Every structure is written in structure tokens, then in C-alpha cells.
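Notes follow the structure.
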Amino acid sequence: MKRTLIFAVVCFFGFGLMIQNSFADLNIGLSVGDEGVKEFHLSIGSHYGIQEKNVVKIKERSIPDDELVVVFFLAKHAGVAPMIIVDLRHKGNSWMDISTKFGLSTEIYYVQFDSNPGPPYGNAYG
């Protein structure tokens, strides 16, 4: 459980760097353990304006914690219910397939930097 949670946190913050502008107002403090998971769900719900119980419902549909943010991010940009995104994911669609289905371009994942962010992101950004 700890290992999965740590992986989820790393993925969450890594994804957050890609969509920095969208998460600029998100202030999250996570701790490892059941309370940390609850705070994680509360933070996602708070950011996307969704009740925690609805975040948990998505989680119960076998969506890993590190993919919860992607579900709500795509649902928001596509203007659809998160369960629609989950259903498509369960049918074997990739995140890019789902994005394309709703006419979302790769630009939603791009964050413009004012300057070169430096190592290790500088090489990838360049």
C-alpha cells in the first residue's frame, strides 16, 4: 500500500508539472497512510468541484490513484461525466484515444514555460 501510494504521489506531481497552469491553485499536502489517501481524494474533489464520495466511486471502479487525476482532467476538458472516461478506459482505450474521441488535442497537456526550466526538464522541453 505504501509503495503504491508513493508511486501515485510521484505520478500526481509529475503530471502536475505538465499541466502546471491548471493546478496553479491546488495546494496539496499528502501523508502516507489511509489519511493521506483520504486527503488525496479530498484534494482532487476540491480542485475539480466534486464531492469526495464521487471521487471514491471512480476509485472503486478499479482506477488506480495515479490515474484519478487524469480521469477528472479529461472529463473537465471534454465536458463529460467522469464515469464516461472510466468506461472508455475500461474498454482498453489509451488516454490519447480518449482525448482524440472528444476532440481534445495534445495542446491541453502542454504548458508554456517563460524560460528554460533547467535539468532534468530542460532537455525534454528543448
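Put simply, the convex hull of the Cα atoms in segment 58-126 casts, on average, a shadow of 5.6 nm². Taking θ as phi - 60° and the Karplus parameters 6.51, -1.76 and 1.60, the scalar couplings of segment 65-74 work out to 3, 6, 9, 4, 4, 5, 4, 6, 4, 5 Hz in sequence order, x denoting glycine and proline. The phi torsions of segment 106-111, fed into the Karplus equation with coefficients 6.51, -1.76 and 1.60 and a -60° offset, translate into couplings of 5, 4, 5, 8, 8, 10 Hz, rounded to whole numbers, with Gly and Pro shown as x. FRET efficiency for the pair Lys57 and Gln112, taken as 1/(1 + (r/R0)^6) with r the Cβ-Cβ distance and R0 = 41 Å, rounds to 0.75.
For segment 32-121, applying the loop criterion from DSSP together with a ceiling of 16 other beta carbons within 10 Å to the trypsin sites (Lys or Arg not before Pro) yields Arg61, Lys91. Sorting Val56, Val69 on solvent-accessible area from highest to lowest, probe radius 1.4 Å, gives Val56, Val69.
Counting charges near Arg61 (Lys, Arg +1; Asp, Glu -1) among other residues having Cβ under 11 Å from its Cβ returns a value of 0.
The phi-based Karplus calculation (6.51 cos²θ - 1.76 cosθ + 1.60; θ = phi - 60°) puts the 3J(HN,Hα) values of segment 47-64 at 5, 9, x, 10, 5, 4, 4, 6, 5, 5, 4, 5, 4, 5, 8, 6, 9, x Hz, whole numbers, x for Gly and Pro.
The values are calculated or read from the model by the stated rules, or taken from the named source; none is laboratory data. Keep in mind it's a predicted model, so treat the numbers as computed, not measured. Please note: Cβ atoms are built from the backbone with ideal geometry, for glycine as well, and neighbour counts cover all protein chains shown. All accessible areas refer to the heavy atoms of the entire protein, side chains included, with ligands and DNA or RNA removed. Shrake-Rupley method; radii C 1.70, N 1.55, O 1.52, S 1.80 Å.
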